[in-house]
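**Student:** My structure is below; once you've seen it, I'll send some questions.
The values are calculated or read from the model by the stated rules, or taken from the named source; none is laboratory data. Here the structure is a predicted model, which means the values were calculated and not measured. Ideal geometry is used to build each Cβ from the backbone, glycine not excepted, and the neighbour counts take in all protein chains shown.
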């Protein structure tokens, strides 16, 4: 068999940890998802400038009004403008979704890497993680919130803590199998130190499962915040979050279903976009997937 | 002549459903007659497995589809047969055994039940006569204590026993055609020999037609009546065993045969007085297993292993799986820590050094692994992989990358391979990259752990040649671990034969492989498939050489 190289892939990647972000436009679905997410984020950031009304302003005379020129999506049970509340609600919901994901992955990754690599740390760290996992997450959240009062920060912490063991276990299992790979042994035998082995040979393996886990968790964190608000253990009801709006709207579902429909729609679009982008990013980070796409 | 049991004519299988999709199988015609074994030979990617899967109707729907030609089993067309009809035909008319007996059996069912499933699906026998028939079949495949094995789960059985179960399952309904897809590739040579004999005997008793797929010319010489050589989805040539081995008509077949390393050891190189670079003294590795009640079970993976390797020489460690040859290699490279004994590397004892103290010595000994697909990090470019070692030992990055470029040239790869990823290379090329990485630190000793076992013979021959050339140019000592006596005969100066963690025989390759002193070495040599043939010279081995 002659020595001949397989064809060069169309898009070379600079580094496994720094993909070219050309993948945002690589397929129409990803482009649409990126655009949707971008619009939602921009909407949340620019909320004070684009919201037509003050989301907290109570107008008892205008309760449960249908859509009109003044209130584009009508008003809720206290006469507040639903559109403004949805626009503002995006701020807290997205902050909690992304914030909880980033923080839990940061801690979980660190714990998972260490316990996967150092067997003696493993026994201690994993027992602690088991302990944390044994506490029901909603219960933990209620406890944290009632101890230190409801604020965005406490809700964020309450949602993040139960997720850390899950991330840590995921990373640990990936590291445990990856460290047996011959290329890790090869790195040991060419004299690579621990930090290099971890950073270069183990960490990249965790990215794909973490992105999947992270995008799922991002969605569920937004929902958990809504649940906490609904139970009265979350951010106070007058603060608009998508969860709060839906929780309140539930009581008036038959009179005014749009109270649940619009924030629910935005929530679904946001979560779907995050998931789609997550999948695409996972594929883009793996040089092997590139070739398969090229082969099509 | 009677009609063929299996008749494949002008078969075309293509990838996907487009009319101009690439053809995986392109115009293949073969037929297999009753009481005959046809060996389908080819290197990986030649389409031999796809051919067999097409016959069984097991092609992945939508991914691979037969486009033209016909496949007839005892006169019945299979390509157009309904799924229902194919299900009836499988096991009753045609059956298949696979390469990996570990994964082909369901781990959560006793093996007897798994054979029973075949009978229940295709016969109306009652439970007692089914069991009687299964036990009878298990005896025919020469399993011991059939009653016990009937109720055993697959993990209780050895690889050879599992493959016997697979054969029993395939033959229990006396099919006309048996397709065997590399059935002995995953087995040790001694087990392989038994399974090959078994298949031949059963074929004689039952008159089955056998389509035997293999990449191993040795196996072909053992079992084939006729041979069909495949390459890139096309049939190269078909002929009787003798014709193919003695007078192959096509250039490709000639090349394939001449790549098969000979069992006759190469001419010994002159003894040297070069300095000893690697010594293992009474090396031992004991794994301790503590059970729940505190009783400790000790397994000696390596016991009292003593080896000496001089500069520029090659020492082979041969043995079957589980003989401890890889354990020894890993202890020597210090990927695992030996429990007793010592390793001297260039005069310096390294077996008890801590990780930190070992660091300066690591670069003197480098290892090449078996699986070229897993020994390179898929997310790191080839250049970075090769340069990693020199950078670890303080070489500036640009210089290390320049060295990587040089090394790639040394292993016959284009220097621009440096910026590509491992998946863009074939298995043989990846193994060259792994060799370049190992050489980047200018080691004194290179350990090759089954480094050519996963490669096709022609690629294997090239890599062996490369190793030989590198040794001549750089004077590196080579510790070559292999299960393949043919490879050992062609590359080693000295050979150590291992069994159950111990060295049973050690000496110059020419001595050990032609006049073995120990019974175990003789068994290994006898079991080597095709030992009667000198493939490269297209003739049987002269009586003196192998015996």
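**Student:** Residues of region B:355-392 being part of a helix (DSSP H, G or I), in contact with a strand residue (DSSP E or B) (Cβ under 9 Å, 6 or more places away or on another chain) and within 8 Å of chain A (Cβ to nearest Cβ), which ones?
**Tutor:** Correct list: B:389 only.
**Student:** Still on this structure, I have one more. Just a yes or no: is a residue in region B:87-100 under 30 Å from residue B:461 (Cβ atoms), touching a helix residue (DSSP H, G or I) at 6+ places or on another chain (Cβ under 8 Å) and touching a residue at least 60 places away in the same chain (Cβ under 8 Å)?
**Tutor:** Yes, the conditions are met somewhere in region B:87-100.
**Student:** Can you run down the residue pairs with Cβ atoms below 6 Å, 6 or more apart or on separate chains, where the first is in region A:179-193 and more than 7 Å from every other protein chain (Cβ to nearest Cβ) and the partner is not in a loop (DSSP other than H, G, I, E, B)?
**Tutor:** A:184/A:201
**Student:** Please enumerate the residues belonging to region B:339-354 that are assigned to a strand (DSSP E or B), away from every other protein chain (no Cβ under 13 Å) and either touching a residue at least 24 places away in the same chain (Cβ under 8 Å) or out of contact with any strand residue (DSSP E or B) (no Cβ under 8 Å at 6 or more places or on another chain) (or both).
**Tutor:** B:340, B:341, B:342, B:343, B:344, B:348
**Student:** Inside region B:491-525, can you point out the residues that are in a helix (DSSP H, G or I) and in contact (Cβ under 8 Å) with a residue 24 or more places away in the chain?
**Tutor:** Those that are in a helix (DSSP H, G or I) and in contact (Cβ under 8 Å) with a residue 24 or more places away in the chain: B:491, B:509, B:510, B:513, B:514, B:521, B:523, B:524, B:525.
**Student:** Given the conditions (1) without any contact (Cβ under 8 Å) to a residue 24 or more places away in the chain; (2) outside any loop (DSSP other than H, G, I, E, B); (3) under 25 Å from residue B:203 (Cβ atoms); (4) in contact with a helix residue (DSSP H, G or I) (Cβ under 9 Å, 6 or more places away or on another chain), report the number of the one that residue B:120 does not fulfil.
**Tutor:** Looking at each condition in turn, residue B:120 falls short on (3).
**Student:** Take the conditions more than 18 Å from residue A:91 (Cα to Cα) and assigned to a helix (DSSP H, G or I) and apply them to residue A:40. Does it pass?
**Tutor:** The answer is no for residue A:40.
**Student:** May I pose another question? So which residues in region B:37-57 are part of a loop (DSSP other than H, G, I, E, B) and either free of Cβ contacts under 8 Å to residues at least 12 places away in the same chain or touching a strand residue (DSSP E or B) at 6+ places or on another chain (Cβ under 8 Å) (or both)?
**Tutor:** B:42, B:43, B:46, B:47
**Student:** Out of A:197, A:159, A:188, which single residue is over 30 Å from residue B:445 (Cβ atoms) and out of contact with any strand residue (DSSP E or B) (no Cβ under 6 Å at 6 or more places or on another chain)?
**Tutor:** Sole residue among the options that is over 30 Å from residue B:445 (Cβ atoms) and out of contact with any strand residue (DSSP E or B) (no Cβ under 6 Å at 6 or more places or on another chain): A:159.
**Student:** Now a separate question. Please work out if residue A:113 is surrounded by fewer than 22 Cβ atoms within 10 Å (Cβ to Cβ), part of a helix (DSSP H, G or I) and in contact with a helix residue (DSSP H, G or I) (Cβ under 7 Å, 6 or more places away or on another chain).
**Tutor:** yes
**Student:** What number of residues within region B:277-292 are without any contact (Cβ under 8 Å) to a residue 40 or more places away in the chain and under 30 Å from residue B:364 (Cα atoms)?
**Tutor:** 1
**Student:** Which members of region B:176-191 meet the condition of being under 20 Å from the mean Cα position of the chain (by Cα) and either crowded, with 24+ Cβ neighbours inside 10 Å or part of a loop (DSSP other than H, G, I, E, B) (or both)?
**Tutor:** B:179, B:180, B:182, B:183, B:184, B:185, B:186, B:187, B:188, listed by residue number.
**Student:** Now a separate question. Within region B:318-338, how many residues turn out to be farther than 18 Å from residue B:445 by Cα and within 14 Å of chain A (Cβ to nearest Cβ)?
**Tutor:** 1
**Student:** Any idea how many residues of region A:263-296 are surrounded by 15 or more Cβ atoms within 10 Å (Cβ to Cβ), within 14 Å of another protein chain (Cβ to nearest Cβ) and either modelled with pLDDT of 85 or more or outside any helix (DSSP H, G or I) (or both)?
**Tutor:** Qualifying residue count for the region: 1.
**Student:** Let me ask another. What's the number of the only condition in (1) surrounded by 24 or more Cβ atoms within 10 Å (Cβ to Cβ); (2) outside any loop (DSSP other than H, G, I, E, B); (3) within 9 Å of another protein chain (Cβ to nearest Cβ); (4) within 25 Å of the chain's Cα centre (by Cα) that residue B:423 fails to meet?
**Tutor:** (1)
**Student:** Being away from every other protein chain (no Cβ under 13 Å), buried (at least 22 other Cβ atoms within 10 Å of the Cβ) and in a helix (DSSP H, G or I) narrows it down to one residue among B:417, B:434, B:488, B:404; which is it?
**Tutor:** None of the other options fit; the residue is B:488.
**Student:** Checking residue B:428 against (1) touching a helix residue (DSSP H, G or I) at 6+ places or on another chain (Cβ under 9 Å); (2) within 10 Å of chain A (Cβ to nearest Cβ); (3) part of a helix (DSSP H, G or I); (4) under 22 Å from residue A:179 (Cα atoms): exactly one of these is not met. Which one?
**Tutor:** (4)
**Student:** Working only within region A:199-212, note down all residues that are more than 13 Å from chain B (Cβ to nearest Cβ) and surrounded by fewer than 19 Cβ atoms within 10 Å (Cβ to Cβ).
**Tutor:** Residues satisfying the conditions are A:209, A:212.
**Student:** Here is a list: A:159, A:164, A:124. Which entry is at pLDDT 85 or above, closer than 30 Å to residue B:377 by Cβ and touching a helix residue (DSSP H, G or I) at 6+ places or on another chain (Cβ under 6 Å)?
**Tutor:** A:164
**Student:** Here is a further query. Going through B:441, B:410 one at a time, which residue ends up being facing chain A (nearest Cβ under 7 Å), over 19 Å from the mean Cα position of the chain (by Cα) and farther than 11 Å from residue B:369 by Cα?
**Tutor:** Within the list B:441, B:410, the selection yields B:441.
**Student:** Something else: Check region A:141-162 and report whether any residue there is surrounded by 13 or more Cβ atoms within 10 Å (Cβ to Cβ) and within 14 Å of chain B (Cβ to nearest Cβ).
**Tutor:** no
**Student:** Only one of (1) in a loop (DSSP other than H, G, I, E, B); (2) in contact with a helix residue (DSSP H, G or I) (Cβ under 6 Å, 6 or more places away or on another chain); (3) away from chain A (no Cβ under 14 Å) fails for residue B:285. Which number is that?
**Tutor:** Answer for residue B:285: the failing condition is (1).
**Student:** Right, next: Mind listing whichever residues of region A:227-237 are crowded, with 24+ Cβ neighbours inside 10 Å and in a helix (DSSP H, G or I)?
**Tutor:** Those that are crowded, with 24+ Cβ neighbours inside 10 Å and in a helix (DSSP H, G or I): A:228, A:229.
**Student:** Further question on the same structure: Which one of B:236, B:264, B:227, B:219 is within 30 Å of residue B:508 (Cβ to Cβ) and either at pLDDT 90 or above or assigned to a strand (DSSP E or B) (or both)?
**Tutor:** Just a single option satisfies the conditions, and that option is B:219.
**Student:** Checking residue B:527 against (1) over 17 Å from the mean Cα position of the chain (by Cα); (2) surrounded by fewer than 19 Cβ atoms within 10 Å (Cβ to Cβ); (3) more than 29 Å from residue B:412 (Cβ to Cβ), which test does it fail?
**Tutor:** The number of the failed condition is (1).
**Student:** Part of a loop (DSSP other than H, G, I, E, B) and closer than 19 Å to residue B:213 by Cβ: is that true of residue B:90 in this structure?
**Tutor:** No, not satisfied.
**Student:** Ok, one more. Condition (residue is surrounded by fewer than 16 Cβ atoms within 10 Å (Cβ to Cβ) and at pLDDT 85 or above) applied to region A:253-262: is it met by at least one residue?
**Tutor:** Within region A:253-262, one or more residues are surrounded by fewer than 16 Cβ atoms within 10 Å (Cβ to Cβ) and at pLDDT 85 or above.
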